[in-house]
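The values are calculated or read from the model by the stated rules, or taken from the named source; none is laboratory data. Values in this document were obtained by computation on a predicted structure and should not be read as measured data. Heads up, the Cβs are rebuilt from the backbone with ideal geometry, glycines too, and the neighbour counts pull from every protein chain shown. Protein only, heavy atoms only, side chains kept; ligands, DNA and RNA dropped before computing areas. Shrake-Rupley method; radii C 1.70, N 1.55, O 1.52, S 1.80 Å.
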Amino acid sequence: MTKETLDLNLSANYVTKWEAWEVGREVVCNAMDTGLPYSYECPEEDICIVTTESWPSIGEMKVIGASTKDADSIHIGQFGEGLKLAALACTRAGGNMCITCPEYTARFKFELKHGHKVLQAEVSEGAGEKCIVFINLEGIKEALEGKFIREPIGRLEKIEPDTLKVFYKGVYVFDHGANSIYDWNLENIEINRDRDLADIG
């Protein structure tokens with residue numbers, strides 16, 4: 001594969017509130033949504049490694065809104081651009097993200113175009129049989145800690161008394177503000193674009 005640079009047409013000013021949690025959330029959720037085996041680990045404070053058996057095609061990498069998910073889906077990753085926005089937020093915060101899969105390897109950077117920083121993907125030859133997303137970003141381990149219920153038990157997960165947390169299919173959405181010995185792990189709620197608000201009726 002010839003090395004090439006893809007212009008992802010994303011300004012550095014997009015999703016300005018996204019930080020380490022949103023970066024990790026989008027990458028892990030993409031892996032979860034495939035329905036295939038996946039894993040993630042944070043071996044160091046600033047490192048997260050997500051491994052999955054699925055990956056976006058080069059075509060999907062180029063187009064915002066591209067997704068293999070159904071248009072009517074209510075997956076937490078329904079908007080089809082989370083991985084690219086995660087790369088943008090990670091790069092903007094001074095971190096690095098690398099995607100290595102059988103078809104390609106992609107690293108991200110900003111380039112100045114018409115007075116704006118625009119996200120680029122440097123794409124080269126792939127490797128391995130699975131997809132590995134390597135994130136080097138300050139605070140990523142702390143940001144992800146306690147934010148996923150890996151094996152949800154029904155709709156409720158017993159915890160130590162604490163602020164009630166709302167999860168969507170095992171993925172943290174927000175603190176509800178009430179005290180409870182249970183977190184809520186809901187199957188059908190509405191989430192906004194940033195996946196930080198929900199209508200729980």
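Odds and ends about this structure:
- The alpha carbons of the range 1-53 stretch over 34, 31, 23 Å along the principal axes, in descending order.
- Mean ellipticity per residue at 222 nm, deg cm²/dmol - from DSSP H runs of n ≥ 4 across the chain, formula -39500 (n - 2.57): -5000 deg cm²/dmol
- Along its first, second and third principal axes, ordered by size, the chain spans 54, 39, 37 Å in Cα coordinates.
- Cα-based helix-to-principal-axis angle, 82-92 vs the chain, degrees rounded to 10: 70
- Under 19 Å from the Cα of Lys62 - lysines, other chains or at least 8 residues apart: Lys3, Lys84, Lys109, Lys113, Lys117
- Nearest-ten-degree value, helix 20-33 long axis tilted from longest Cα axis of the chain: 90
- Taking all protein chains together and rolling a 1.4 Å probe, Phe134 ends up with roughly 80 Å² accessible.
- The chain: most fluctuating residue of Gly146, Gly35, Gly115 per GNM, C-alpha cutoff 10 Å: Gly115
- By the rule of a C-alpha distance below 30 Å, with chain neighbours fewer than 8 residues away ignored, the lysines paired with Lys158 are Lys141, Lys147, Lys169.
- Cysteines without a disulfide-compatible neighbour (Cβ-Cβ under 4.7 Å), the chain: Cys29, Cys42, Cys48, Cys90, Cys98
- Share of carbon and sulfur in the accessible area of the chain stands at 48%, probe radius 1.4 Å.
- Gain in span if fully extended, Ile49 to Lys109, counting 0.36 nm per residue against the direct Cα distance: 19.7 nm
- For the range 118-148 and the range 171-190, distance of Cα centres in Å: 27
- Residue order for Ile132, Ile99, Ile49 - accessible surface, 1.4 angstrom probe, largest first: Ile132, Ile49, Ile99
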